[in-house]
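To start, the structure under review is shown below, and the notes come after it.
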Amino acid sequence: MPLTSKFFNLAVWMGAAKGVCLAVALTLAGSVAAQTLASASDAERSAQALSHAEGLALAKARACLGCHQVDSKRVGPSFQAIAQRYADRNDAALYIVQVIRKGGRGQWGAVPMPGQAVSEQDAQKLANWIISLRK
Ligand code: HEC
């Protein structure tokens, strides 16, 4: 076999080997990423399912209770009334997160709700907790 074709074979072999390595690396990276995603959403899900006491404590800590109560109207509507109103909406949690962070107006009366300085994660937890209050 001429020398050049030996080199050629070697080059092809190395090319193939590189391809295999790349494929293995991609597969590994993919499964690591998938695992990270799965565990992140598991953690999120359990973090978002607050007990009633935890939800109430968070609402208190984030100053929601200055304007809201669980079961009666204050400056804003009761959390139970809110839960009831959006009970049939698939995107209730998303909508409520938006209102918490950006504020809202015109849904319950003349007084608007100013956007609240809470993290996305806390807003999610609060939204899920509020939704859980429906009877
Ligand atoms: C300064 C008073 C005030 C504070 C503080 C406040 N809210 Fe409100 N909130 C209101 C008022 C007033 C409304 C009714 C707005 C309207 O009519 O659209 C309201 C409405 C809402 C609604 C229903 C929105 C809709 O469109 O139906 C949600 C959910 C809500 N508040 C959650 C919260 C949460 C959670 C907090 C704490 C992070 C909070 N609010 C803090 C005054 C407040």
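Readers should treat all values here as calculations from the given coordinates under stated rules, not as data from a laboratory. Computed from a prediction, not measured in an experiment: that's the story for all the values here. Methodologically, a virtual Cβ is constructed for each residue, glycine included, from the backbone with ideal geometry; neighbour enumeration extends over all protein chains shown.
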Reference-scaled alpha-carbon Rg (2.2 N^0.38 Å with N residues) for segment 77-135: 1.04
In nm, spacing of pseudo-spin labels at Arg134 and Leu58 (7 Å Cα→C-beta vector): 1.8 nm
Distant-in-sequence amide H partners of Met113 (H built 1.01 Å from N, under 5 Å): Gly104, Arg105
